[in-house]
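The values are calculated or read from the model by the stated rules, or taken from the named source; none is laboratory data. All figures in this text were calculated on a predicted structure; none of them were measured in a lab. For neighbour counting, all protein chains shown are included, and Cβ atoms are generated from backbone atoms with ideal geometry for every residue, glycine included. SASA here: full protein model, heavy atoms, side chains in, ligands and nucleic acids out. Shrake-Rupley method; radii C 1.70, N 1.55, O 1.52, S 1.80 Å.
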Amino acid sequence: MAVPMRKKVMAIVLAGGEGKRLMPLTTDRAKPAVPYAGIYRLIDFALSNVVNSGCLQVVVLTQYKSHSLDRHITQTWRMSTMLGNYVASVPAQQRVGKNWYLGSADAIYQSLNLIGDERPDLVVVVGADHVYRMDFAQMVEQHIELGAPCSVAAIRQPISLADQFGVIDVPADDPRRIREFLEKPTDPVGLPDSPDEVLASMGNYCFDTDALVDAVTRDASDLASKHDMGGDIVPGFVERGEAAVYDYKDNYVPGSTDRDRGYWRDVGTMRSYYEAHMDVVSPLPVFNLYNYEWPIFTSHGPYPPAKVVRSEVDEVLFSPGVVVTGGSVHRSVLSPGVFVSSDATVSGSVLLNDVKIGAGAVVRNAILDKNVVIPPGARVGVDPEEDAAHGFVILDGLTVAGKDQPYD
């Protein structure tokens, strides 16, 4: 576990994202509430990271279709109140006007009462829709050491992918200082110690409290601003020479392996969401869920143990309550309550809670949301035209069914 923080640190988790590119999985839920790897929600990774880092006063700012997210936080994320520890879900309150959150910076501005009540020395701000492990205590230590009021966590990416990220440019003589913040550049300069790589912002920040409050307050009155943390607040600190970068490669998480150290996945598209699942089912997983020294906390309800009877299974992530009876399941994730009937075949697929696969059905390269029932003998992911005729979405080479969607 992380060493205790030397200063009072509050964490703000930005969880109001709509997640349009994950439709239909986000038709009825906020993006941070989307299930992942069977028993988890995406937000569990952000919350587990800040709590494992020793930051135990946490607020989660929610907005878009937040009921399932709020319910998950309320039922799962309860800590001892004796020492003032909490994870609190806070919906948009319109405390300073009649607008809902206009952006991530505006979300913090409209929630400044939370900072005022807690009175922290530092504020860690993190997104809620990435899969990774990170010890924020180490980022806080560097933040204090360097003395810059703003620190941005960044991960190294191939320079060929620079046009997909917000890129952090650093000077050769002081590589922990941010010289310029570039939004999806087409001609970036490589890092001083690695010319084929760039630093991409992870959407995780550490701020001196007074500096953050001042920045979002001034931003709120700027009519030209989009009120975004990465697009408006951080560039302001950079222009004033007040921003530092924390290189994710320097972050050591207890229990990490050489294979999964430094793993970070933005699951903002259906393809990346799918590939993040494939990362955890492989024989030597790229992301290791079985690190008991840095656990990912969650709650999966009162399901019985998984059960497999007379079936062929390989590279499968089983959740509690799963029953596979006489079926064949390969390279797939089965969430709580999934039932696979006799002679059914499931391959390369992600089945969310309580999905039922009928006898003799075939499901390939599919993502099926909660409560979807595939009737006996049906085919999913075999013929795109057939899938479309049944009302399923064909996206990024995958067949996707929304929550409760019938097989018409």
inquiry  = Order 39-52, 188-201, 300-313 from most to least packed using the mean count of other Cβ atoms within 10 Å.
reply    = 39-52, 188-201, 300-313
query = If you roll a 1.4 Å probe over the chain with all protein chains in place, what percent of the accessible area is carbon or sulfur?
reply = 50
inquiry  = Need the C-alpha centroid separation for segment 62-99 versus segment 29-58, integer Å.
reply    = 13
ask   = What's the local net charge at GLN157, with K and R +1, D and E -1, over the other residues with C-beta under 11 Å away?
value = -3
remark   = In units of 2.2 N^0.38 Å, the Cα radius of gyration of the chain is 1.02
inquiry  = Taking the alpha-carbon distance from LYS184 and a cut-off under 17 Å, which aspartates and glutamates remain once sequence neighbours fewer than 8 residues away in the same chain are dropped?
reply    = ASP163, ASP169, ASP196, GLU197, ASP228, ASP232, ASP266
remark   = Descending accessible area (1.4 Å probe), largest on the left, turns LYS98, LYS403, LYS370, LYS184 into LYS98, LYS184, LYS403, LYS370
query = If ligands, DNA and RNA are left out, what is the accessible area of THR269 with a 1.4 Å probe, given in Å² to the nearest 10?
reply = 40
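Considering only DSSP beta bridges where both residues belong to the chain, give the percentage that are antiparallel (nearest 5).
Antiparallel bridges: around 35 percent, rounded to the nearest 5.
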Longest to shortest principal axis, alpha-carbon extents of segment 57-107, angstrom = 35, 23, 15
request  = Can you spot the aspartates and glutamates whose alpha carbon is less than 18 Å from LYS403's alpha carbon? Ignore those fewer than 8 places along the same chain.
outcome  = GLU18, ASP28, ASP354, ASP369, ASP387
ask   = With each run of n ≥ 4 DSSP H residues scored as -39500 (n - 2.57), what mean residue ellipticity at 222 nm is computed for the chain after dividing by its residue count and rounding to the nearest 500 deg cm²/dmol?
value = -5500 deg cm²/dmol
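Leaving out ligands and nucleic acids, and using a 1.4 Å probe, what accessible area per residue does the chain come to in Å²?
Here the residues of the chain average 43 Å² of exposed surface.
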request  = Send over the semi-axes of segment 193-303's equivalent ellipsoid, whole angstrom and largest first, taken as the square roots of 5 times the C-alpha gyration tensor eigenvalues.
outcome  = 34, 19, 16
note = Once the mean of 1/r over all distinct C-alpha pairs in segment 259-404 is inverted, the Kirkwood radius in Å reads 15.6
Formal net charge of residues neighbouring GLY321 (Cβ-Cβ distance under 10 Å; K, R +1; D, E -1) = 0
request  = Scan around ARG41 for amide H atoms under 5 Å from its own, H built in the peptide plane at 1.01 Å from N, and keep only partners 5 or more places away or cross-chain.
outcome  = TYR36
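When every alpha-carbon pair in segment 1-129 is counted, what percent end up more than 23 Å apart?
30
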inquiry  = Below 16 Å, Cα to Cα, which lysines can LYS307 reach? Residues fewer than 8 away in the same chain don't count.
reply    = LYS356
Low-density loop positions, chymotrypsin sites (Phe, Trp or Tyr not before Pro), segment 171-277 - DSSP coil, at most 13 other Cβ in 10 Å = TYR252
key: Mean separation of Cα contacts under 8 Å (6+ apart) over length of segment 1-148, as relative contact order %   = 36
Among ILE394, ILE296, ILE367: highest mean-square fluctuation, GNM of the chain, C-alpha pairs under 10 Å = ILE394
message = Can you work out the Karplus-derived ³J(HN,Hα) for every residue in segment 288-293? Use 6.51 cos²θ - 1.76 cosθ + 1.60 with θ = phi - 60°, whole Hz, and x for glycine or proline.
response = 8, 6, 9, 8, 7, 7
